[in-house]
Amino acid sequence: MTSSLFLQSDVQNPYSIYKSMLEKHPVYWDETNKIWAIYSYKYCVEILKNTNTQIPVVNPNNEQKLNECALKILSNLTRLSNGQQHEISKEIATLLFSNIKSVDNSKIISSLIKNDLVDTKIDWVNSVGKKLPLLVLLKSFDFEENDCEFISDRIESFSKIMLPQKTEEQILFINKNSEKFYSIIEKHLSSLSFYNSLLIKISNQYNFSSKEIIPIAVSNFIGLCIQSFDAGRGILSNSLLQIIQHKTFSNKTEIEKSVIETLRFDPPIHNTRRIASEDFHIGGSQIKKGDSILIVLASANRDCEKFENTMNFDIERINNNENLTFGAGGHGCLAKYFSIHLATEALCFLFQSNKTISLLENQIQYEPLINARLPKEIWISIQ
């Protein structure tokens, strides 16, 4: 019996699994894990847009014993909310992005590379991928250097707040640092010129008090930091691998097209989950209220009914930007264009500032995650 759940670190080529499931079981009941797995583009979109599905609760009844501040952050994150709370959170995130300030990305990238380059060699993932997206985000909102350092140094461990299951060590770290994370971001947001008008706009629109809106705004900025670290490093890493392999780095337009095609062909996020809030049918199968659903986005991105010559990396395919990596419908990721732009700028700087970029390893190892395919290291030579 096929299992829909596996660690990306244990599978050399997950796309062969997705291909088989697309052909045989586009809607599949995984009896072992008691979860519906959705593999086709059409059905993934249906689930993503279905109002009878909700994002699963990560920490029901605070079983993980998060402290008050950590619990406040988790309960207000856009990625984990439903209903009106999600609408408020999404509106806040939209307003935050609309006030983002342009920064000199090349200066930040250059500094990161210079700091860790040893004899023309550098680990792209740990030196750039894990640092650049978050630093750009923080500097785009004028965070002070010491606050950038505090958040950057701890974001990898703090991002575990999103995990459905956490170790005792992870919970201890989150509880220890949650108040500091919250206070830094609350203090800084309150100093920004647009912040009060943001609170007033949301307050008037949804009939919430400013006191109720502030923790949503702060928590969602923390969510943006986590997304920058998680998905940001994945886009930078996976795009680099595809661009080196296919030699699509002649100019900025070609690199941007390569980033977009990477999001379809080899995305960082492979699946997301929902819970059925009511009974409904899909693909001839009945999904019942309370059933768990795995939406396999990476499989949908290689559905031949949606994308022509789907197994080929083709930057000129006209509908590459219709990939589902950033979701669809009301829960579509607002960081999509920020992430594509940042990856394009970073990779342009890398390839245009150096004569030769060479991959120094043949077999990439991936993090032991179910939902994301993130390289642990990518050692390259820069000359």
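The values are calculated or read from the model by the stated rules, or taken from the named source; none is laboratory data. Model, not experiment: these values are computed from the prediction. Note that each Cβ is placed from the backbone with ideal geometry, even for glycine, and that neighbours are counted across all protein chains shown. For the accessible areas, the whole protein counts, side chains as well, though only heavy atoms, and no ligand, DNA or RNA atoms are used. Shrake-Rupley method; radii C 1.70, N 1.55, O 1.52, S 1.80 Å.
May I ask you to say which residue of G223, G234 is more than 19 Å from S75 (Cα to Cα) and not basic (K, R)?
Of the residues listed, the single one that is more than 19 Å from S75 (Cα to Cα) and not basic (K, R) is G234.
A count restricted to region 258-293 and to residues that are surrounded by fewer than 21 Cβ atoms within 10 Å (Cβ to Cβ) and in a loop (DSSP other than H, G, I, E, B) stands at 9. The single condition from (1) more than 20 Å from Y41 (Cβ to Cβ); (2) part of a loop (DSSP other than H, G, I, E, B) that G234 fails is (2).
The residues listed here are L22, L48; of these, the one that is aliphatic (A, V, I, L, M) and either open to solvent by 40 Å² or more (accessible area, probe 1.4 Å) or within 19 Å of the chain's Cα centre (by Cα) (or both) is L48.
On the stretch given as region 156-178, residues that are open to solvent by less than 50 Å² (accessible area, probe 1.4 Å) and of a type outside the set (A, V, I, L, M) total 7.
Residues in region 76-126 that are small (G, A, S), open to solvent by 60 Å² or more (accessible area, probe 1.4 Å) and modelled with pLDDT under 85: S98 only. Go over the candidates E361, E316 one by one and state the one that is part of a loop (DSSP other than H, G, I, E, B), over 27 Å from C304 (Cα atoms) and not hydroxyl-bearing (S, T, Y). E361 is the lone residue from the list that is part of a loop (DSSP other than H, G, I, E, B), over 27 Å from C304 (Cα atoms) and not hydroxyl-bearing (S, T, Y). The residue list L138, L192 contains one member that is under 24 Å from I108 (Cα atoms), out of contact with any His (no Cβ under 8 Å at 6 or more places or on another chain) and modelled with pLDDT under 95, which is L192.
Can you pull out every residue in region 110-134 that is in a helix (DSSP H, G or I) and within 16 Å of the chain's Cα centre (by Cα)?
V125, G129, L132, P133, L134
Residue-by-condition table, conditions (1) touching a residue at least 40 places away in the same chain (Cβ under 8 Å); (2) closer than 19 Å to L134 by Cβ:
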site: E305; (1), (2): yes, no
site: N323; (1), (2): yes, no
site: Y337; (1), (2): no, yes
site: I357; (1), (2): yes, no
site: E361; (1), (2): no, no
site: Q365; (1), (2): yes, no
site: E377; (1), (2): yes, yes
site: Q383; (1), (2): yes, no
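Here K176, K187, K201, K160 are screened, and the one residue that is closer than 23 Å to S98 by Cβ, modelled with pLDDT of 90 or more, among the basic types (K, R) and in a helix (DSSP H, G or I) is K187. What about I370, is it of a type in the set (A, V, I, L, M, F, W, C), farther than 20 Å from L132 by Cβ and free of Cβ contacts under 8 Å to residues at least 40 places away in the same chain? No. Select from region 287-301 the residues that are of a type in the set (G, A, S) and touching a His at 6+ places or on another chain (Cβ under 9 Å) and list them in ascending order. Passing the criteria: A298, S299. Within region 196-255, take every residue that is farther than 30 Å from S89 by Cβ and of a type in the set (D, E, K, R) and give me the one that is surrounded by the most Cβ atoms within 10 Å (Cβ to Cβ). Selected residue: E254.
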